[in-house]
Every structure is written in structure tokens, then in C-alpha cells.
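Have a look at the structure below, then the notes.
Please treat every number below as a calculation from the coordinates, not as lab data. As the structure is a prediction and not an experimental result, all values here were calculated from the model. Don't worry about glycine lacking a Cβ; one is built from the backbone with ideal geometry, like all the others, and counts go over all protein chains shown.
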Amino acid sequence: MLRAAGGDPLKSRRNRSEMKKLIAAALIVCTTIAVVAVTIIRHVNNKQDAAWCHDHGYANYATKDGFCVGAGGKLFKIGEAPSPRLGPQTANSRVPVPETRLD
């Protein structure tokens, strides 16, 4: 049996018990921090997705799997859907913007 620095085996058992409690508490704290961080990140991502949907003319609501809900419940993938406000766009339909020089 391992003995603590005074040769007292009871002291060694108490130290092991205290160390196990400390490790358990550290694991609980780390797990809690990780869960809170993941929750915050998912919430922020969903808010950004909802803002993208709203900016592109869909209902201000996004599903958890990355879709906007359009008219009649139609789903549009976030980041890929054409805007119903703008209609279909092609490379030639864009209005050229003149450059402004600030000399």
C-alpha cells in the first residue's frame, strides 16, 4: 500500500478521495462550459440564418437544418435561394455601378 509522507495510510486515502472529488468537479465545470458555448453558437447561427431569410424576402424564420420557409411552406436552402423580391437574375441583368474617385 502506498503511504503518505508521514506514513499515515488514512491520510493517503483522504487525499485520493479529495483528488477524485476535485477531478469530478473540474469535469462538470468543463462540460457545462462546453454545453453553454455550443448553445450560444447555435443560437447565433440561427439568428444569422433568420436575418438572411428576412433580408431575402422570406418569412423571418429559419429551420434548424438551414432552410428558409417561403410562401406556402416552400423551403429554400439558406445562401442559395434566389430572392422573390428581386426576381431571377442573370449576369447581364445587373445594373452597373459607376466608380467614384475620391482624389
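Miscellaneous remarks
- Residues with amide H under 5 Å from that of ALA59, placed H, sequence gap 5 or more: VAL69
- Extension gain, THR31 to GLU80: 0.36 nm times the residue separation minus the Cα-Cα distance gives 14.1 nm.
- Calculated P(r) of region 12-86 - Cα pairs past 14 Å, %: 68 percent
- Integer Hz, Karplus 6.51/-1.76/1.60 couplings in order for region 20-37, x for Gly and Pro: 4, 5, 5, 5, 4, 5, 5, 5, 5, 5, 4, 5, 4, 4, 5, 5, 5, 4
- Placing dummy labels 7 Å off each Cα toward the beta-carbon, the span from ALA59 to ILE23 is 5.1 nm.
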